[in-house]
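Below: the structure, in structure tokens.
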Amino acid sequence: MPTNTASTSPADSSDKIQLPEMDLSDLQALMLQWKQPKFRAKQVFDWRNKGVLNPDEMKNISADLRDKLNTELLCDPLKLMRRECSSDGTRKYVFALKRGRFAGKMVEAVFIPEEKRGTVCISSQVGCVLDCPFCHTGTQAFEANLSAGEIVAQILAIKADLRSDPLSEALEMFSDVTHIVYMGMGEPLANEDSVHKSIALFMHEDGLNISRRRITLSTSGLVPQINRLGEVQPVNLAISLHSAIDEQRDVLVPINRKYPLAELRDCLNRYPLRKQRHITLEYVLLDAVNDRAEDLQALIAFVNPERERVNLIQFNPYPGSPYQGTSKENMREFAQHLISKGIRATVRRSRGQDIMAACGQLKADTKLQG
Ligand code: SAH
Ligand code: SF4
């Protein structure tokens, strides 16, 4: 039986088990314990995989099992508070946690459709302890680590929403979840247990069966945790690099003071990669800060073109943000210089900017009362 691995204080240990963090064998063990027929586990699990987490909507199970699920488990650990739809098909979801003393705290997830895939950007924490000064989430105080159930529930809720209200066919976009990126609120590797567990749940072949190559984790560069991820769950890795000069990265990505570039370099060299796969180095271009000639030279010297590619990100401003983004023309030029040195470089298209759903804009600033 799973427990809440995200517990941050003894008070959490009294929390109920969350349905989204159970796999089929967990449910089978529970049915045995509740003296229910074994096949009920599969029925409940099939509903769970469709994103139906309210036992009252699980039409083919008995009323007494519905009652038991309602009273013994926290079946749906997130409450959908708001959904905003962008004209480009992007949807932003704001969820409130329900568990114990974290009840009412908000997180966000974003669905980004493309022609042949649907990607969800999920949150792993409420707020973030690592105060990167260009990041909206970083301006919010750290409040909670999400449990594995709360991480998985974001995907389940979005799958359910896309089934009940699919994207308009006129958009010609994929209307289901095929890819997952841990790029929402929080630093996933600072919530290691829950994140590892959620990855395993996403990949479970009886469950959502999302393969490892469709899962990407973005981190600001926690070296020991990246090493462990490589050993346990070598999903696609994205690193928030943003500067290849230590003095500057110390400011832009303050975790660099603890794990400077040389240590990060060693760690990236060791990260296991399958053929044709690359580590992504994310680089948000800030006007006259990290887009100068010396920044470019340092970046070229840092990148290992055999194993890494650079993803240039347009800065997404938010109210009160202290930086300006580099112009589109300079971004293209920066990319061209990298390409001319044999480095794969792409410019990330910003999606859902009209609903503040783009990278680094995620900050849920409303709170429930009580
Ligand atoms: N904490 C993790 C994952 C969440 S941030 C990390 O830092 O990697 C996801 C990505 O958005 C990171 O690359 C981050 O550096 C970038 N980002 C943060 N704020 C941004 C902003 N205002 N504009 C553009 N990208 C931003
Ligand atoms: Fe945290 Fe990532 Fe934002 Fe830095 S960029 S403050 S690590 S969420």
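The values are calculated or read from the model by the stated rules, or taken from the named source; none is laboratory data. Predicted model only: the values in this text are computed from it and were never measured. In this analysis, Cβ positions are derived from the backbone assuming ideal geometry, glycine residues included, and neighbour counts consider all displayed protein chains. The protein model used for the area step is the full one, side chains on, heavy atoms only, and it has no ligands, DNA or RNA in it. Shrake-Rupley method; radii C 1.70, N 1.55, O 1.52, S 1.80 Å.
Using a 1.4 Å probe, how large is the accessible area of residue 32, given in Å² and rounded to the nearest 10?
140
Starting from the Cα of residue 273, step 7 Å along the direction of its Cβ; do the same at residue 309; then give the gap between the two resulting points in nm.
Once both label points are built, they end up 1.1 nm from each other.
How high is the relative contact order of the chain, in percent, with contacts defined as C-alpha pairs under 8 Å that are six or more residues apart?
16
Sequence-distant or interchain residues sharing an amide H contact under 5 Å with residue 210, placed H: which?
203, 204
Could you run the Karplus curve 6.51 cos²θ - 1.76 cosθ + 1.60 with θ = phi - 60° over segment 49-56 and give me ³J(HN,Hα) per residue in whole Hz, x for Gly and Pro?
Values per residue, Gly and Pro as x: 5, 7, x, 8, 10, 8, x, 5 Hz.
How much length is gained on full extension from residue 170 to residue 336, taking 0.36 nm per residue of separation minus their Cα-Cα distance?
Length difference between fully extended and current span is 56.3 nm.
Just from its helices, what would the mean residue ellipticity at 222 nm be for the chain, if runs of 4 or more DSSP H residues each count -39500 (n - 2.57) and the sum is divided by every residue, rounded to the nearest 500 deg cm²/dmol?
Computed ellipticity for the chain at 222 nm equals -9000 deg cm²/dmol.
Report the chymotrypsin sites (Phe, Trp or Tyr not before Pro) located in segment 174-277 that are in a DSSP loop and have at most 12 other Cβ atoms inside 10 Å of their Cβ, or state none.
For chymotrypsin sites (Phe, Trp or Tyr not before Pro) across segment 174-277 that sit outside H, G, I, E and B with at most 12 neighbouring Cβ atoms in 10 Å, the list is empty.
Restricting to DSSP loop positions (anything but H, G, I, E, B) with no more than 15 other Cβ atoms inside 10 Å of their own Cβ, which GluC sites (Glu not before Pro) remain in segment 197-289?
Taking segment 197-289 and a limit of 15 other Cβ atoms within 10 Å, the loop GluC sites (Glu not before Pro) found are 205.
Can you compute 3J(HN,Hα) from phi for each residue in segment 37-43, using the Karplus curve 6.51 cos²θ - 1.76 cosθ + 1.60 with θ = phi - 60°, rounded to whole Hz and x for Gly and Pro?
With coefficients 6.51, -1.76 and 1.60, one gets x, 4, 5, 4, 4, 5, 4 Hz.
For segment 72-89, take each phi angle, set θ = phi - 60°, evaluate the Karplus expression 6.51 cos²θ - 1.76 cosθ + 1.60, and give the result in whole Hz per residue in order, putting x for glycine and proline.
With coefficients 6.51, -1.76 and 1.60, one gets 8, 10, 9, 5, 10, x, 10, 10, 6, 9, 7, 9, 10, 10, 8, 5, 8, x Hz.
Could you give the nm distance between label points at residue 324 and residue 67, where each point is 7 Å from its Cα heading toward the beta carbon?
Computed distance between label sites residue 324 and residue 67 equals 6.7 nm.
If I stretch the segment between residue 129 and residue 141 completely, what's the gain in nm (0.36 nm per residue apart, minus their alpha carbon distance), one decimal?
Here the segment from residue 129 to residue 141 would lengthen by 3.6 nm.
Determine the gain in length on full extension of the stretch residue 79-residue 297; use 0.36 nm per residue of separation and subtract their C-alpha separation, reporting nm with one decimal.
Between residue 79 and residue 297, full extension yields an extra 73.7 nm.
Quick one: which residues, 5+ away or cross-chain, put their amide H under 5 Å from the amide H of residue 74? H built at 1.01 Å from N.
Placed amide hydrogens put 17, 18, 19 under 5 Å from residue 74.
Are there trypsin sites (Lys or Arg not before Pro) in segment 223-275 that DSSP marks as loop and that have at most 14 other Cβ atoms within 10 Å, and which are they?
Qualifying residues, ordered by number: 258, 274, 275.
In whole percent, and with a 1.4 Å probe on the protein chains, what portion of the accessible area of the chain is carbon and sulfur?
Looking at the chain in its full context, I get 49 percent from C and S.
Averaging sequence separations of C-alpha pairs under 8 Å and six or more residues apart, then dividing by the length of segment 116-194, give the relative contact order as a whole percent.
Computed over segment 116-194, the figure is 51 percent.
Once you order the gyration tensor axes a ≥ b ≥ c over the Cα atoms, which shape class does segment 141-295 get: rounded for a/c under 1.5, otherwise prolate or oblate by comparing a/b with b/c?
It comes out prolate by the Cα gyration axes.
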